[in-house]
């Protein structure tokens with residue numbers, strides 16, 4: 001079968017694209033690698049910045065997106081993509097089980113947060129461990145939190161959280177930050193941000209919620225415990241583009257070069273959500289990308 005569009009990924013961008021594609025009466029297939037649709041929001045305990053649904057859990061929001069696509073009759077398969085081929089007016093998606101063909105592709109494979117890989121991180125994700133300060137910071141008003149990282153995102157997260165939190169520990173494994181000088185200056189001038197340099201987190205502790213982190217001082221060799229209610233990890237993010245290497249233009253970090261119209265360097269292939277170059281990576285911007293991608297698909301298929 002030759003599909004009109006194959007969507008790779010079933011996070012907010014992919015599911016939004018599926019809804020718009022079905023409403024446009026396009027013959028659509030969604031290929032997802034994980035058993036549950038929803039993407040990264042499944043790991044978010046509560047989403048408070050998606051308009052109209054304040055306080056909804058990430059799991060519930062992801063399921064609502066999937067239910068909408070199901071109600072419109074979207075076809076889903078749960079397979080791992082091994083290779084993508086551009087054959088001009090036809091694209092091939094090769095999985096571990098099958099080869100699918102389509103006139104267009106929407107890449108909504110998302111990105112993954114780099115992790116500390118310390119005890120307690122996985123167990124407490126969504127229960128005090130977060131990878132998005134702008135998503136979850138509001139839940140820690142007047143509390144003490146830690147930010148882990150030394151780049152621009154970590155510095156920005158610390159400043160953002162300092163507006164509402166009682167205290168913010170900024171933990172970095174080196175003695176100097178990598179982030180912009182102006183951000184470093186602002187961090188050092190903010191009274192309720194305390195720097196923990198030359199330190200690394202060795203364990204995140206808590207039962208149902210985060211209660212503390214254990215730190216190891218890299219020079220002194222000492223260990224200490226910080227009492228915190230939240231840990232915001234900002235040690236980098238990596239786009240899921242392994243199957244696209246050498247095929248589509250990407251920036252130096254591996255994000256697919258695509259603007260608001262989601263067009264990539266390959267005609268007929270579009271990129272939506274966290275996988276593309278963009279200023280803000282949130283549920284609402286991913287969903288908007290999905291809608292834009294289908295509009296671009298329609299224009300491409302009609303020869304506009």
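Just so you know, all these numbers are worked out from the coordinates, no wet-lab data involved. Everything quoted here is computed from the prediction, not taken from an experiment. In this analysis, Cβ positions are derived from the backbone assuming ideal geometry, glycine residues included, and neighbour counts consider all displayed protein chains.
Can you tell me which residue within region 101-117, out of those that are buried (at least 21 other Cβ atoms within 10 Å of the Cβ) and over 18 Å from the mean Cα position of the chain (by Cα), is nearest to residue 147 (Cα to Cα)?
The qualifying residue nearest to residue 147 (Cα to Cα) is 105.
Identify, please: which residue in region 175-194 is touching a strand residue (DSSP E or B) at 6+ places or on another chain (Cβ under 6 Å) and surrounded by fewer than 16 Cβ atoms within 10 Å (Cβ to Cβ) and is, among those, farthest from residue 126 (Cα to Cα)?
Of the residues in region 175-194, the ones touching a strand residue (DSSP E or B) at 6+ places or on another chain (Cβ under 6 Å) are 175, 187, 192-194.
Retained after the next criterion (residues that are surrounded by fewer than 16 Cβ atoms within 10 Å (Cβ to Cβ)): 175, 192, 194.
Numbers: 175: 29, 192: 24, 194: 24 Å.
Across region 175-194, the extreme among qualifying residues is 175.
Being within 20 Å of the chain's Cα centre (by Cα) and surrounded by fewer than 20 Cβ atoms within 10 Å (Cβ to Cβ) narrows it down to one residue among 48, 70; which is it?
One residue alone meets the criteria, 48.
Collect the residues in region 150-171 that are in a helix (DSSP H, G or I), touching a residue at least 40 places away in the same chain (Cβ under 8 Å) and closer than 17 Å to residue 113 by Cα, keeping them in residue-number order.
Across region 150-171, the qualifying residues are 153, 154, 157.
So which residues in region 276-291 are under 13 Å from residue 107 (Cβ atoms) and assigned to a helix (DSSP H, G or I)? Step through it out loud before you land on a result.
Pass one, region 276-291, residues under 13 Å from residue 107 (Cβ atoms): 276-277, 286, 289-290.
Those that are under 13 Å from residue 107 (Cβ atoms) and assigned to a helix (DSSP H, G or I): 286, 289, 290.
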